[in-house]
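Notes follow the structure.
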Amino acid sequence: MKKILVTRKLLKECEEKALKMFDANLNSNDELYSQNNVIKMSQGCDGILSSLTDKMDAETINKLPESIKIISNFAVGFGNIDLEAAKKRGIAVTNTPDVLTDATAEIGILLILGACRRVPEGIQGAKDCNWKWSADYLIGKQLTGARLGILGMGRIGQKIARIAKSLGMIVHYHNRSKLSPDKDNGATYHDTLKSLMSVSDVLSVCCPASNETINLINKETLEYLPKGAVVTNVARGDIVDDEALIDALERRKVYAVGLDVYKGEPNLNPGYLKYKQAFILPHLGSATKETRTAMANLAIDNIEEYFKTGNCKNKVN
Ligand code: DGY
């Protein structure tokens with residue numbers, strides 16, 4: 001039986017499945033392992049079932065035991081893993097696409113609604129019993145008729161686009177390439193970020209974090225937005241330069257932000273906390289029972305497939 005290190009606690013049924021299929025070293029206290037601990041604990045293991053909270057940089061990967069052949073990431077994003085370093089060591093890296101598309105897109109839409117419709121202020125007013133209905137109380141931005149710019153039209157971006165269209169939004173997107181009509185669902189393609197941002201009343205960041213996308217939303221690119229745009233991010237915190245976005249909120253260049261992901265999670269830039277126009281969530285994208293179960297099962301199946309066939313359809317390096 002292959003031996004695996006599971007770095008974070010999984011839902012119960014998934015841990016049972018892992019134990020059935022592997023000699024699995026589980027993390028029942030859900031401790032956050034340091035990189036050194038991951039290296040130590042993976043001695044004698046054939047694979048690691050990692051999560052987005054494990055920083056698998058080149059230094060860590062190079063110190064993993066020779067026996068490690070696969071890192072199966074319990075996430076669709078794999079910005080936490082140095083793919084090149086893993087490849088050089090002959091370690092396969094896999095992710096969990098598709099199964100979290102719907103849940104993450106739901107949060108993507110929630111971010112848009114929460115930021116546009118002033119939900120943080122509304123919640124506070126209701127909790128404090130400090131409100132009265134009036135014609136001009138907490139007037140927000142209506143989604144119907146607003147232009148939504150999707151940065152990264154992968155599976156999650158496409159699903160957000162479909163829901164947004166059904167809400168009456170006019171969808172635009174920027175992607176490495178133009179999608180076929182069955183996938184773009186009538187959305188307008190922009191071949192540059194500048195072109196996309198200049199028509200985005202609401203921006204939804206959905207692209208993966210990579211060397212090319214780190215701080216893509218920055219002081220310069222935020223200026224491409226129309227004044228009073230809304231910026232939302234359901235992808236990865238690394239894509240946004242927080243100081244620039246906070247400054248744009250301060251200057252009212254940006255009307256509101258909706259964020260589920262942050263640089264250096266679980267911390268977030270405290271600058272956001274000063275603004276009632278910041279609708280912030282604690283990385284809930286895939287957090288439903290159905291989705292977390294499907295993700296963990298897929299992460300386990302990826303390891304099995306790799307050891308059985310020497311390959312895996314969800315291999316990303
Ligand atoms: C992912 O899979 O990348 C999600 O962000 C997890 O919540």
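Nothing in this text is a laboratory measurement; each read-out follows from the coordinates by a stated rule. Because the structure is predicted, anything quoted here is derived from the model rather than measured. Note: ideal-geometry Cβ built from the backbone for every residue, glycine included; neighbour counts use all protein chains shown.
Set the bar at 29 Å for Cα to Cα. Now go through Lys2/Lys289; Lys9/Lys276; Lys132/Lys165; Lys289/Lys313; Lys55/Lys227; Lys17/Lys40 and name every pair that lies beyond it.
Beyond 29 Å: Lys9/Lys276; Lys132/Lys165; Lys55/Lys227.
Quick one: what do you get for the range 203-317 if you divide its Cα Rg by 2.2 N^0.38 Å?
1.31
Using only the alpha-carbon atoms of the range 55-99 as identical scatterers, what base-10 log of I(q)/I(0) does the Debye formula give at q = 0.18, 0.25 Å⁻¹?
Reported log10 I(q)/I(0), two decimals: -0.47, -0.85.
Multiplying the sequence separation of Glu265 and Gln35 by 0.36 nm and subtracting their Cα-Cα distance, what value in nm do you get? Can you show the working numbers first?
Numbers: separation 230, 0.36 × 230 = 82.80 nm, distance 1.58 nm.
81.2 nm is the gain from fully extending Glu265 to Gln35.
How big is the Kirkwood radius of the chain, worked out from every pair of different alpha carbons and given in Å to one decimal?
Taking every pair of different Cα atoms in the chain, averaging 1/r and inverting gives 20.7 Å.
Aspartates and glutamates near Lys274 by alpha-carbon distance under 14 Å, same-chain residues fewer than 8 away left out - which ones?
Within the straight-line cut-off, Lys274 pairs with Glu121, Asp242, Glu243, Asp247, Glu250.
Sticking to Cα atoms, compute the Rg of the range 166-218 to one decimal and its Dmax as the biggest Cα-Cα distance, whole number, in Å.
Using the Cα atoms of the range 166-218, the pair Rg, Dmax is 11.7, 34 Å.
Kindly provide the Kirkwood hydrodynamic radius of the range 182-264 in Å, to one decimal, from all pairs of distinct alpha carbon atoms. Mind dumping the intermediate values first?
Working: mean 1/r = 0.0770 Å⁻¹.
Hydrodynamic radius (Kirkwood, Cα only) of the range 182-264 equals 13.0 Å.
When we measure straight from the Cα of Lys88, which aspartates and glutamates land under 18 angstrom away, once same-chain ones fewer than 8 places off are left out?
Reachable aspartates and glutamates: Asp46, Asp57, Glu59, Glu66.
So which GluC sites (Glu not before Pro) in the range 36-91 pass both tests, a DSSP loop state and at most 12 other Cβ atoms within 10 Å of the Cβ?
The qualifying sites are Glu66.
For the chain, what is the calculated [θ] at 222 nm in deg cm²/dmol (nearest 500), taking -39500 (n - 2.57) for each run of four or more DSSP H residues and dividing by its residue count?
Rounded to the nearest 500, it is -9500 deg cm²/dmol.
Exactly which trypsin sites (Lys or Arg not before Pro) in the range 151-201 are in a DSSP loop and have at most 12 other Cβ atoms within 10 Å?
Passing both the DSSP loop test and the Cβ count: Arg176.
So how long is each side of the range 101-280 along the principal axes, counting just the alpha-carbon atoms, biggest first, in Å?
50, 33, 29
Filter the chymotrypsin sites (Phe, Trp or Tyr not before Pro) in the range 120-190 to those in DSSP coil with at most 16 other Cβ atoms within 10 Å of their Cβ, and list the result.
Trp131, Trp133, Tyr137
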